[in-house]
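Presented below is the structure to which this report refers.
The values are calculated or read from the model by the stated rules, or taken from the named source; none is laboratory data. For clarity, every value in this text was computed on a predicted model and none was experimentally measured. Virtual Cβ from ideal backbone geometry, glycine too; neighbours counted across all protein chains shown. These area figures cover heavy atoms from the full protein model, side chains too; ligands, DNA and RNA do not enter into them. Shrake-Rupley method; radii C 1.70, N 1.55, O 1.52, S 1.80 Å.
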Amino acid sequence: MVAADIRYICNISEGFNFLGWNFRKYKGKLLPKPSQESQREVIKKISDAIHKAKAWDQDRLIRDLNPIIRGWTQYHNHTVSSEIFSKLDDTVYNMLISWAKRRHSNKGLTWIMTKYWHKSGSRKYVFCTELKTLERFSNAKVVRQRLASLNKNPFIDKEYFEQWKFIEYHRKKRITNPILF
């Protein structure tokens with residue numbers, strides 16, 4: 001049975017979801033944001049990974065969570081997403097506290113916090129070990145795309161397009177090789 005091709009027409013002030021983003025006009029300005037479904041999916045992936053990791057050590061849990069977090073943030077770092085990143089950080093923090101409490105049900109919260117969360121740089125509570133640090137959603141920088149000048153001709157303005165390639169190469173290199181704390 002073939003699924004029906006149903007297309008909805010909606011007002012842009014109500015917004016619509018497409019490819020994991022929600023496009024909507026806020027005060028006359030079109031702003032793409034990560035959709036609620038996309039946020040629920042990443043939280044479900046992280047929850048499943050933590051649920052699988054009931055008996056794992058902290059290093060292995062971090063090793064499994066980091067690619068999920070890094071991939072999702074790199075996909076959504078071109079949208080208006082800094083508030084959503086902070087909200088997801090809080091959600092993951094609460095999930096990790098539940099994971100730690102389950103592992104050490106007879107210990108207090110202070111003991112659990114000193115065992116699993118350490119100071120790193122200017123942050124007090126970082127879920128880390130000596131070898132690995134859990135990445136945070138909010139560490140991802142929101143990148144705004146620089147528009148190319150449309151009045152340039154690639155056959156005439158060679159230096160403009162060489163400079164464009166150079167800038168884009170270094171921007172992508174910076175995104176794919178984040179500095180870990």
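Structural remarks
- Verdict on Phe166 being open to solvent by 40 Å² or more (accessible area, probe 1.4 Å), at pLDDT below 80 and at negative phi: no
- Looking only at the range 2-50, and only at residues there that are more than 18 Å from the chain's Cα centre (by Cα) and of a type in the set (Gly, Ala, Ser), the one that is modelled with the highest pLDDT: Gly28
- Lys152 falls short on exactly one of the conditions (1) more than 29 Å from Phe18 (Cα to Cα); (2) at pLDDT below 90; (3) in a helix (DSSP H, G or I), and that condition is (3).
- Subset tally (residues that are among the hydrophobic types (A, V, I, L, M, F, W, C), within 20 Å of Trp56 (Cβ to Cβ) and loosely packed, with under 12 Cβ neighbours inside 10 Å) for the range 89-142: 1
- Residue match in the range 120-135 (condition: small (Gly, Ala, Ser) and either modelled with pLDDT of 90 or more or in a loop (DSSP other than H, G, I, E, B) (or both)): yes
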